[in-house]
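Written out below as C-alpha cells is the structure these notes cover.
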Amino acid sequence: MGWKLSLVLTVSMAVISACATTHAQSVPDPAEVRAAETESQMTNEKRIQLTLGLMAMEFGGHKKPEGSIPGAGYVPGVPRLGVPPLRETDASLGVTWIGGARSDGATALPSGTAQGATWNEELIEQGGAMIGSEARLKGFNVMLAGGINLMREPRNGRTFEYIGEDPYHSAVLGAAAVRGIQSQGVISTMKHFAINPQETGRHFMNVKIDEPSLRESDLLAFEIAIERARPGALMCAYNRTNGPLSCGSEFLLTDVLRDDWGYKGFVMSDWGAVEAVEFALAGLDQQSGAQLDEGLFLGEPLLKAADKDARYQKRLHEMAQNVLYAIYDVGVSQTLPEKTSEEAPDGMQLALQVAQEGIVLLKNKERALPLSKEVGSVAIIGGHADVGVLSGGGSSRSMPDEGPTVIVPVLRGKNASYASMTDEMYHGLAPKTAIQTMVPDARVTYRDGRYLSEAVQIASTSDVAIIVVTQFLSEGFDAPDISLPGNQDALISAVASANPNTIVVLQTGGPVAMPWLDDVAAVVEAWYPGIMGGEAIADVLFGEVNPSGHLPITFPVSLSQLPRPQLDGADTVEPSFLGSGNPNQTLDVDYSIEGSDVGYRWFARQGARALFPFGHGLSYTSFGLHDLALSQQEGEIRASFSITNTGDRVGADVGQVYLVSGPDGAKQRLVGFGKLTLDPGATGKVDVGVDPRLLAEWENDGWAVAAGEYRFALGANAVALGQPVALNVDRIRLDASGKP
Ligand code: BGC
C-alpha cells in the first residue's frame, strides 16, 4: 500500500531558525557588513537617490526615468559602487500588464485567495519562483508581491490579492511565495504593512484598533511571514492606523518593525502614500511612485534636512543601508539578465497546478460531480465562459502577451484614465473550450445568460447545466455587499428549476451569498483562476483532478453576521480609484469590534453558523482524520496527526489543528495544518510545530502563554472538529521579538 506525501509540514524548526536570522546575532550578518561598507563610501547626494522611487512611466509632468522598464517604479543605481538600479514590477500574481505598456505579457497565477485555498506551501513557493524568474528575465529586480493583509472585510476590493483571514495560514503561504520570488535574486515586498482592510476611502480611512488585537492578528501575520521569508522590502499601506498614515507611523515602522522585530530590509511607501519629509523620521526608507504624491518629499528635501538636522542625517545613513541590505541579502545582480540565456520554469504548468489545487468543491449533492465523460449534452451559461476566465482589477493584473480576451467597461467619468485597472477583464483559455475538449462527442452549447428564457431553454434541453457566475473585484473599490452582481442569482434559480443537474462555477474575488444553494446540485469555487483556469475548471468538473482546495476565508450567510454589517464609508465616500475623497474628509473604522478574532474566530465567538466555514472543502474521495497528539518538550509544542484516505480515489486532504480552549475558556485559533496526497486506503502522518504566539495573549509588551490546560482539536474545517485533546502547557513568556 503506497502513500504519497505531497508536501506539508509546517515545521516549527523553520520558525525558530528563521527567527534567529532577523534578530541580533553574534556572527556578523554579511549583507549588513557589506551594506555598511558601501554606504560609508557614498555622498549624501547618492544616499538620497536610494530614498526616492519614481513611477516607471511618464506621469504628472515627470518623464519616464532613463534606464527604467515600463513597470511600477524605478530607483537609480550607483554604478561607481556597483549598486544596481531597482526596477520594480507588481505583484503577487505575476509580472503585471500595466495596460499593455510594455507590450509583453506574463504568466498569471490564480488569485491570492486561490493560492491560499491550496494550503500547499511547496506549490506556492514554486509559483513564487516562477513569477520571480519571469520578472528577472524581463529585467526587473524588485517585485511588489507578498500581499498578506488579513481578509477582515469580505467586501474589500482587494480580497482576491490576499491569502486568507488567518494570521498563521497567511504567513506560511505568503512567506512561501516570497521565498520563491527571492530565490531568483529578485527582492520581494510584503504588503501592505500593517493593516489595510478596505478600499473605500483608502487614502484617508483610519483603522482604529487596540494594540493587543493588532499584535495578535495582522501584525502577527507579518511577523511570522517576515521570519520565514526575510523579504527585502515591506510596503507600508495607504490608510491611517490609529491616527498617523501608515507610512508615517513611528509605532509601525520603528517601534514594531525595527525595535521589536529587528527587521533589516527597507520600507517603501505605497504609491502616493507620503505627505512629508518627516515620514523619514518615523521610519520610512523610500518614497515610491512619488509622482502620485503632492511632492517629492524624500530625495532633495531630505538632503536639505540632513544638512541642518542630525536626526535626518542619522536616518539617511540608515535608509541607504536598509536599501543596500536588501540588495545584498537577496543577491540582486548588478547586471540585467541575458534574456536568451535562461529558461523560465514552466509557468503554464505551475499556473495550472495552482488553479487545480485552489479550486474548492463547496457542495456536491449525491455525487453530482465529477461529471461523466459520456455525457451527451452540456449547457454552459454565463461568466463569459466562451472566451476566458475573470481576472481581478488594479495594479496586480497580469495578462498574456495578447492581453485580455474581453473587456467590460466598469467605471468611467473621473475614473476613466484608470480604465486599464478598473475594467472587468477576461483572459486565457475559455472554460467552454476546455470542456468541449474534455468531451469531444458531447453537444456543448453556450449562452451568455443575459436572457433567462434563453438560458432556461438550453438548460432544459441538456443533460447538465453549468452556470459560470462572476463577482469582479478591483483595487480602489469595495463591493457594496456580498451578492453576485447583476441578475446572476435569478439566473441560477431559473436554470436550477429547468435542470436538476445544475452545477454552479463561481469566479469570485471572495465570499458571496448563495440564496439558491439548496436548489443546485453542486457548487465549485474557482476564484480568479489565472491563465490556465479554464482548463483547471474542466479538470475538476470531469474528475481529471480530484479537488483539494479548502476555503481560506469564511463564507457568511449574510452581511448581518459580520462585525460591521454596513461597510463604513459606503454612503459617504464617492467611488474613486485613487480613494482620496473630498478635502479634509475623514473616516474612522473600528476594528476593535472583532479585534484579533477575524473571520472564523468571530463566528466562533458569536456562535454564528457560516454558510461555509473557513477550511471547508470537499473531495471526490473521503478521508478520516485521526490520532491527534500534542506534546511540549523543552518549551517546544508539537502536534501530530494522521489522515487516511477512506474512499476509492487518489486525493489530497488538509488536516487542520485548532486550539479550541485555554485556561481562561473558549478560544479558537488555527495552530497547524498539513496537506497529504494519499492513495485509496493509505494513511499518512503529519507532524507540525506550534508557534507559542498562536496560543498567547499580547500583554505588557510581550507574549504571554499562561500555564494551564490547552485543548486542541483536529478537523477538516474550523467547525467540523474531532474530540479535543488536552495539553498542560508550562508558562511561556516571549519578548516583543518573539524570543524567550
Ligand atoms: C498598490 C500597490 C502597488 C502599487 C504600485 C498601489 O496602488 O496599492 O499594491 O504595488 O500601487 O503599482
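Nothing in this text is a laboratory measurement; each read-out follows from the coordinates by a stated rule. It should be emphasised that the depicted structure is a prediction, and the values quoted were computed from it without experimental measurement. Here the Cβ is made from the backbone with ideal geometry for all residues, glycine too, and neighbour counts use every protein chain on show.
Points to keep in mind about this one:
- Radius of gyration (Cα atoms) of the chain, expressed as a multiple of 2.2 N^0.38 Å: 0.92.
- All aspartates and glutamates inside 14 Å of LYS138 as judged from Cα atoms, apart from same-chain residues fewer than 8 positions distant: GLU88, ASP90, ASP104, GLU338, GLU342, GLU343, ASP401
- Residue by residue, region 710-719 carries 3J(HN,Hα) couplings of 10, 10, 10, 9, 9, x, 8, 6, 6, 10 Hz when phi is fed to the Karplus relation 6.51 cos²θ - 1.76 cosθ + 1.60 (θ = phi - 60°); x denotes Gly or Pro.
- Per-pair calculated FRET efficiency, R0 = 41 Å: ASP448 and SER622 via Cβ, rounded to 0.05: 0.65
- Length gained on full extension, THR461 to ASN582, computed as 0.36 nm times the residue gap minus the Cα-Cα distance: 38.2 nm.
- Using the alpha carbons alone, the radius of gyration of region 629-740 stands to its Kirkwood radius in an Rg to Rh ratio of 1.04.
- Mean separation of Cα contacts under 8 Å (6+ apart) over length of the chain, as relative contact order %: 17 percent
- Between helix 167-182 and the chain there is an angle of about 70 degrees, using the helix long axis and the longest principal axis of the Cα atoms.
- With both residues required to sit in region 154-294, DSSP beta bridges show an antiparallel share near 10%.
- Distance between the 7 Å Cα→Cβ label points at LYS314 and ARG34: 2.8 nm.
- FRET efficiency, SER592 to ARG731 (Cβ-Cβ, R0 25 Å, nearest 0.05): 0.40
- Euclidean distance of C-alpha centroids, region 344-397 and region 483-498, integer Å: 19 Å
- Sequence-separation-based contact order of region 96-241, relative, with Cα cut under 8 Å and 6+ spacing, percent: 28 percent
- Within region 544-626, chymotrypsin sites (Phe, Trp or Tyr not before Pro) in DSSP loop having at most 10 other beta-carbon neighbours inside 10 Å: none
- Degrees between helix 488-498 axis and first principal axis of the chain (Cα, 0 to 90, nearest 10): 20 degrees
- Under 15 Å from the GLU709 label point (7 Å along Cα→beta-carbon), backbone N, region 650-681: 660-667
- 5 Å binning of all Cα-Cα separations within region 325-459, expressed as whole percents from 0 upward: 2, 7, 10, 14, 16, 15, 12, 9, 5, 4, 3, 2, 0
- Per-residue 3J(HN,Hα) values for region 412-417, derived from phi via the Karplus relation 6.51 cos²θ - 1.76 cosθ + 1.60 with θ = phi - 60°, read 10, x, 5, 8, 4, 5 Hz in sequence order (x marks Gly and Pro).
- For region 210-345, the square roots of the Cα gyration tensor eigenvalues, ordered a ≥ b ≥ c, give a/c of at least 1.5 with a/b no greater than b/c, which places it in the oblate category.
- Nitroxide proxy distance, nm - points 7 Å out along Cα→Cβ at GLN41 and THR437: 5.3 nm
- Under 14 Å, Cβ to Cβ, from VAL332 - net charge with Lys/Arg +1 and Asp/Glu -1: +2
- Cβ-derived FRET efficiency at R0 41 Å, ALA570 paired with SER377, nearest 0.05: 0.40
- Backbone amide hydrogens, once placed in the peptide plane, bring ALA145 within less than 5 Å of THR189, excluding anything fewer than 5 places away on its chain.
- Residue-by-residue Karplus 3J(HN,Hα) for region 700-709, coefficients 6.51, -1.76, 1.60, Hz, glycine and proline x: 6, 6, x, 9, 10, 9, 5, 5, x, 8
- Of all DSSP beta bridges confined to the chain, the antiparallel ones make up roughly 60%.
- Gain in span if fully extended, GLU699 to LYS739, counting 0.36 nm per residue against the direct Cα distance: 13.0 nm
- Note on the chain: helix-only mean residue ellipticity at 222 nm, from DSSP H runs of 4+ residues weighted -39500 (n - 2.57) and normalised by residue number, equals -7000 deg cm²/dmol.
- Region 145-182 versus region 28-88: alpha-carbon centroid distance in Å: 28 Å
- The angle between the Cα long axis of helix 218-229 and the main principal axis of the chain comes to about 80°, on a 0 to 90 degree scale.
- Under 11 Å, Cβ to Cβ, from GLY157 - net charge with Lys/Arg +1 and Asp/Glu -1: -2
- Cα-based shape type of region 57-193, given that a ≥ b ≥ c are square roots of the gyration tensor eigenvalues and the cut on a/c is 1.5: prolate
- Charged neighbours of GLY708, selected by a Cβ distance under 10 Å, balance to -2 (K, R count +1; D, E count -1).
- Counting only DSSP beta bridges whose two residues both lie in region 36-167, roughly 65 percent are antiparallel.
- Inter-label distance for ASP104 and GLU636, nm, one decimal - labels placed 7 Å from Cα along Cα-to-Cβ: 4.5 nm
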